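I have placed the structure first, in the form of structure tokens, so that the comments after it can refer back to it.
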């Protein structure tokens, strides 16, 4: 019985994965047509990007501050506090920036996108568009997908900037580290190609993954209040797992 | 009308039919919705489709617009086999069809004006001034020109339905499908909507198919009524003619009787057994 259930559960997972793959291809296919709806794309970039700025900035600041505190303590054991700026920057650029930004966007914008599309499905708005000969994939799904891909790396840059600012606040203003040492070591060690761009590539991939999951979950949400609620939850759960899994795979290839 | 007479409800194919349905068979899950449905809708007519709840009236509309594919049979609209159309051709056909959804389906992010303007903005590159005039004309026709700036959340159910109606007719399509257009309308709005449907039909020759239950309203507006039950067409004719037919179907449906060929109760186990009364008398 359990084996049957597990097989069923596995089958369901594989079927969903296949459906998501087909949906991804359809969304990509609708991308050229969706560029006609550039206003909608701008609106979505505003919604995913600008509306997530506050949470990304605040979280970036605190992550940078905590990083600086923890690393200062660890580095002081080995007498290497001069490297604080470098280590904070590397941690942010290579790992924490892309990953935490993606998790935050999945929680704030991803859930909203899923709920919005799910409700559009439940209230026949997607069918109405289709009946008015407007492809909902091109008008609704593709702009939201593209908006995530565009907004995520921009948000990651803001997160990193705020994180470094937070690290500077703690390291230099509070713990008394030399300002020149903090910036000098950082700029001489962190490279554009190896560190900054690698983080940006991750962010672009995470942006695509989070948007795809959010849009797919909304598009396929059962047209009930419970169905939309479950789909919204699934967006956060699946996005979080996939972000961390992709992060491992990409890090393994990049290092 | 006897069952033999019911069989005579089958029509001869019409060469001037905008909509032709032949041998339509549809099954959703385990439920058979249509079991060999045939009907024609003449060009330029107002046709009402009636029948008990759950009999597939909305499903029929979804077949006409290609939202559903039949298991067997054919659905032709303006000579085109809907199920065989490519996506592009289907969308081209839909540009010529207006659809009024049962729950209005207004786009909640847009104002009333933008909802009505939506199809025009997508498919016609009109100067903003002309577009504005067209939208306001349609809103005036449904009595909601003054509500152009409101959001859908600020509308009552009846108002939302009238906005959806304005949106459905904004392109002056060749065919308008109305799914329950009279629900939630007050008598004044109902009268105006009836007049609008009739005017669109007479002045522009727009073919209309109405799914509705309000016999009094249908008598005023429809040229022909199709009565569907048990997956088949069981009666057809002019509204007055149909209301006076002596068929078990029409007698039960128009008389609102619980007993007849259409069961009022959904299939269930024996009532007394389910309540635990069976065998107690012994």
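In whole Å, how far is the Cα centre of the stretch B:219-260 from that of the stretch A:216-246?
Centre-to-centre distance over Cα atoms comes out at 46 Å.
How long is the gain from residue B:258 to residue B:202 if the chain were fully straight, where each residue apart is worth 0.36 nm and the alpha carbon distance is subtracted?
Gain on extension, residue B:258 to residue B:202, equals 16.4 nm.
Place a label point 7 angstrom from the Cα of residue B:126 along the Cα-to-Cβ direction, then list the residues of the stretch A:122-157 whose backbone nitrogen is under 20 Å away.
From the stretch A:122-157, the list is A:129-135.
How many nm is it between the label spots at residue A:193 and residue A:250, if each spot is 7 Å from the Cα in line with the beta carbon?
1.9
Which shape class, rounded, prolate or oblate, goes with the stretch A:1-77 when its Cα gyration tensor gives a ≥ b ≥ c as root eigenvalues, a/c under 1.5 marks rounded, and past that a/b bigger than b/c marks prolate?
It comes out oblate by the Cα gyration axes.
Just the Cα atoms of the stretch B:207-272: what Rg and Dmax do they give in Å?
Calculated on Cα positions, Rg and Dmax stand at 13.6, 50 Å.
Normalised radius of gyration for chain A, please: alpha carbon Rg relative to 2.2 N^0.38 Å, two decimal places.
1.16
Using label points projected 7 Å from each Cα along Cα→Cβ, tell me how many nm separate residue A:69 and residue B:84, to one decimal.
7.3
Convert 25 °C to kelvin, take the viscosity as 0.890 mPa s, use the Kirkwood radius over C-alpha pairs of the stretch B:154-282 as Rh, and evaluate the Stokes-Einstein diffusion coefficient in µm²/s, rounded to a whole number.
It comes out at roughly 141 µm²/s.
What FRET efficiency would be calculated for the residue pair residue A:31, residue B:266, taking the C-beta separation as r and a Förster radius of 60 Å, to the nearest 0.05?
E between residue A:31 and residue B:266, to the nearest 0.05, is 0.85.
Rounded to the nearest Å, what's the spacing between the alpha carbon centres of the stretch B:22-87 and the stretch A:157-188? Just the number, please.
Using only Cα atoms, the two centres lie 68 Å from each other.
Starting from the Kirkwood Rh over alpha-carbon pairs, what translational D in µm² s⁻¹ does the stretch B:180-245 have by Stokes-Einstein at 25 °C and 0.890 mPa s?
In µm²/s, the coefficient is 192.
Tell me, what is a quarter of the convex hull surface for the C-alpha atoms of the stretch A:97-242, in nm² with one decimal?
Dividing the Cα hull surface by four gives the mean projection, 10.3 nm².
Starting at 0 and stepping by 10 Å, how many percent of the alpha carbon pairs of the stretch B:47-176 end up in each bin?
Computed distribution, short to long bins: 12, 38, 32, 16, 2.
In Å and from the alpha-carbon atoms only, list the Rg and Dmax of the protein assembly as shown.
So, for the protein assembly as shown, Rg and Dmax equal 30.4, 102 Å respectively.
With the crude spin-label approximation of a point 7 Å out along Cα→Cβ, what separation in nm comes out for residue B:150 versus residue B:22?
4.7
So, R0 is 35 Å and r is the distance between the beta-carbons of residue B:192 and residue B:31; what FRET efficiency does that work out to, to 0.05?
Efficiency computed from Cβ-Cβ geometry: 0.40.
Using Stokes-Einstein with the Kirkwood hydrodynamic radius over Cα pairs, what translational diffusion coefficient do you get for chain B at 10 °C and a viscosity of 1.306 mPa s, in µm²/s rounded to a whole number?
Approximately 78 µm²/s, per Stokes-Einstein.
Using Cα pairs under 8 angstrom and six or more residues apart, how large is the relative contact order of chain A, in percent?
This gives 33 percent for chain A.
Using alpha carbons only, what's the Rg to Rh ratio of the stretch A:28-157 with Rh from Kirkwood?
Rounded to two decimals, Rg/Rh equals 1.18.
Taking Cα pairs under 8 Å and at least six residues apart, what relative contact order does chain B come out at, in percent?
Once normalised by length, the contact order is 24 percent.
Test of understanding: what is the full-extension gain from residue A:58 to residue A:204, defined as 0.36 nm times their sequence separation minus their Cα-Cα distance?
50.4 nm
Just so you know, all these numbers are worked out from the coordinates, no wet-lab data involved. Values in this document were obtained by computation on a predicted structure and should not be read as measured data. In this analysis, Cβ positions are derived from the backbone assuming ideal geometry, glycine residues included, and neighbour counts consider all displayed protein chains.
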